[in-house]
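Here's the structure we're looking at; comments come further down.
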Amino acid sequence: MSFVLQVNIGIKPENVESFMQKVLENARVARNEAGCRQFDVLVDPQDRTKVMLYKVYADEKSFQVHQQGAAFKKYVDEAVPLLASRERQFWKRAN
């Protein structure tokens, strides 16, 4: 069973470059974690302040392990304050 997280992000315009460096670093690390099947960073082609993260984990436990990792904690501490908005939505694949 897959566990999917969609994160819709609004970046404060003055923080776009800094945020993108931090989120891409977090994604690179996460892709190598056990249980991470996919981690995409998607940017709105019309508005670079709008980003969507699309993450697929083997299961909810794998995602919880990710949240305990140093890279995720660094991302939350350094990147989240650069945002205007952040909305997380969890999904499970219908079988």
Quiz item: Looking at (1) in contact with a helix residue (DSSP H, G or I) (Cβ under 8 Å, 6 or more places away or on another chain); (2) open to solvent by 70 Å² or more (accessible area, probe 1.4 Å); (3) modelled with pLDDT of 95 or more, can you tell me which one E17 breaks?
Solution: (1)
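Can you pull out the residues in segment 22-41 that are more than 10 Å from the chain's Cα centre (by Cα) and outside any loop (DSSP other than H, G, I, E, B)?
Applying the first criterion (more than 10 Å from the chain's Cα centre (by Cα)) to segment 22-41 yields 22, 25, 28-29, 31-38.
Within segment 22-41, K22, E25, R28, V29, R31, C36, R37, Q38 meet the criteria.
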Quiz item: Tell me, which residue of segment 66-87 that is open to solvent by less than 90 Å² (accessible area, probe 1.4 Å) and within 23 Å of S2 (Cβ to Cβ) is farthest from the chain's Cα centre (by Cα)?
Solution: G69
Quiz item: Which residue pairs have Cβ atoms closer than 9 Å, lie 6 or more positions apart in sequence or on different chains, and pair a first residue in segment 40-65 that is of a type in the set (S, T, N, Q) and at pLDDT below 95 with a second residue that is outside any loop (DSSP other than H, G, I, E, B) and open to solvent by 50 Å² or more (accessible area, probe 1.4 Å)?
Solution: S62/R37
Quiz item: Among K61, K55, which is the only one that is surrounded by 16 or more Cβ atoms within 10 Å (Cβ to Cβ) and either in a strand (DSSP E or B) or out of contact with any Phe, Trp or Tyr (no Cβ under 6 Å at 6 or more places or on another chain) (or both)?
Solution: K55
Quiz item: Looking at (1) open to solvent by less than 30 Å² (accessible area, probe 1.4 Å); (2) of a type outside the set (F, W, Y); (3) at pLDDT 95 or above; (4) part of a helix (DSSP H, G or I), can you tell me which one L5 breaks?
Solution: (4)
Quiz prompt | Tabulated pairs, segment 70-95, first over 17 Å from A58 (Cβ atoms), second of a type in the set (S, T, Y) and surrounded by 11 or more Cβ atoms within 10 Å (Cβ to Cβ), C-beta under 9 angstrom, 6+ apart or interchain | solution = E78/S18; A79/S18; L82/S18; A84/T49
Quiz item: Which members of segment 20-42 meet the condition of being of a type in the set (A, V, I, L, M), buried (at least 16 other Cβ atoms within 10 Å of the Cβ) and in contact with a strand residue (DSSP E or B) (Cβ under 7 Å, 6 or more places away or on another chain)?
Solution: V23, A27, A30, V41
Quiz item: Name the pairs whose Cβ atoms lie under 8 Å apart, with the first residue in segment 9-27 and more than 11 Å from A71 (Cα to Cα) and in contact (Cβ under 8 Å) with a residue 60 or more places away in the chain, the second surrounded by fewer than 18 Cβ atoms within 10 Å (Cβ to Cβ) and hydroxyl-bearing (S, T, Y), and 6 or more positions between them or separate chains?
Solution: I9/S85; G10/S85
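The values are calculated or read from the model by the stated rules, or taken from the named source; none is laboratory data. Since we're looking at a predicted model, the values are computed, not measured. Cβ sites come from the backbone with ideal geometry, for glycine too, and all protein chains shown count toward neighbours. Quick note on the areas: whole protein, heavy atoms, side chains included, nothing else; ligands and nucleic acids left out. Shrake-Rupley method; radii C 1.70, N 1.55, O 1.52, S 1.80 Å.
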